[in-house]
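Heads up: the structure comes next, in structure tokens.
The values are calculated or read from the model by the stated rules, or taken from the named source; none is laboratory data. Nothing here was measured: the structure is a model prediction, and the numbers come from that model. All Cβ positions, even for glycine, are placed from backbone atoms using ideal geometry, and neighbour counts span all protein chains on display. Note: accessible area is taken over every heavy atom of the protein model, side chains too, but ligands, DNA and RNA are not part of it. Shrake-Rupley method; radii C 1.70, N 1.55, O 1.52, S 1.80 Å.
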Number of protein chains: 2
Amino acid sequence: MVRSSGPIRPKAGEDVAGDRIRTRRNELGMSQQALAKAADVSRQTIISMEQGNYAPSVYLALRVGAALHATVEDLWR
Amino acid sequence: MVRSSGPIRPKAGEDVAGDRIRTRRNELGMSQQALAKAADVSRQTIISMEQGNYAPSVYLALRVGAALHATVEDLWR
DNA sequence: CATGGACGTAAAAAAGTCTTGACAGGTAAA
DNA sequence: TTTACCTGTCAAGACTTTTTTACGTCCATG
């Protein structure tokens, strides 16, 4: 059994961070574009994050967390 | 100035997470091997993380944080 | 001695992240 | 209808993460 490689990701089905991010963003009345700008990343990146199946770097996670006034633990479990 | 690509990382010189991780690990009297096992990753990965210039995925960060009884915010700021 | 643990370096392979840019559908307002 | 904003898809390209394997050193014991 070889865990081939690539960034560490959640087990399939345990990936709910995207939903929490989207929910939080909507609560704050922000568009994806606005969040992207606040976190200084591309809109594509925000889209991918919300759709799950995406394992951002800690630094991106911290930026998004800050932009949403939440902690990494809050959003990614 | 075009941010070419690849995971988001800290600005050069602001990368001190490695030191905090190593310090915390030593405080707990753990070897790199032990931490690697606790976080279920390779020892190489731990080495890279401690040496800085490395942007782990949020999920890896969460595992290491848990193994060190610390939050992601504590370690990566 | 020599055995073993802890740390470090190196390099290839596999799989991801993140950006840019183009294009398209839906909805709300002028 | 036209304009504008929001969301989504697709794809190429540049650069990174993480694993595995192997090898080299230092230090503490036996």
Item to check | Given charges at beta-carbon only (K, R positive; D, E negative), |dipole| of chain A in Debye | outcome: 140 debye
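Helix-only estimate, please: 222 nm mean residue ellipticity of chain A, summing -39500 (n - 2.57) across DSSP H runs of length 4 or more and dividing by its residues, to the nearest 500. Each step should come with its number before you reach the end.
Details: 5 runs with 42 residues, N = 77.
Computed ellipticity for chain A at 222 nm equals -15000 deg cm²/dmol.
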Checklist outcome for this item: In whole Å, largest first, the alpha carbons of the protein assembly as shown cover along the principal axes 46, 36, 27
Next on the checklist: Over 18 Å apart: what share of the alpha carbon pairs of chain B falls there, rounded to a whole percent?
Outcome noted: 35 percent
Checklist entry - Can you list the residues of the stretch B:5-25 whose accessible area drops by at least 20 Å² going from the chain on its own to the full set of protein chains, with a 1.4 Å probe? => result B:Ile8, B:Pro10
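For Cα pairs less than 8 Å apart in space and 6+ apart in sequence, what is the mean separation divided by the residue count of the stretch B:17-76, i.e. the relative contact order in percent?
Details: 48 pairs, mean separation 23.7, N = 60.
Relative contact order, the stretch B:17-76: 40 percent.
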Item to check | Rounded accessible area per residue of the stretch A:1-50, 1.4 Å, Å² | outcome: 67 Å²
Checklist entry - Within the accessible area of chain A, what % is carbon and sulfur when the probe is 1.4 Å and the other protein chains stay in place? => result 49 percent
Checklist entry - Nearest 100 Å², what total accessible surface is buried between chain B and chain A (probe 1.4 Å)? => result 1700 Å²
Next on the checklist: At 7 angstrom along the Cα-to-beta-carbon line, where would the label on B:Ser31 sit relative to the other copies? Give the distances in nm, shortest first.
Outcome noted: 5.6
Checklist outcome for this item: Largest fluctuation, B:Ala67, B:Ala17, B:Ala34 only, Gaussian network model of chain B with Cα springs under 10 angstrom, belongs to B:Ala34
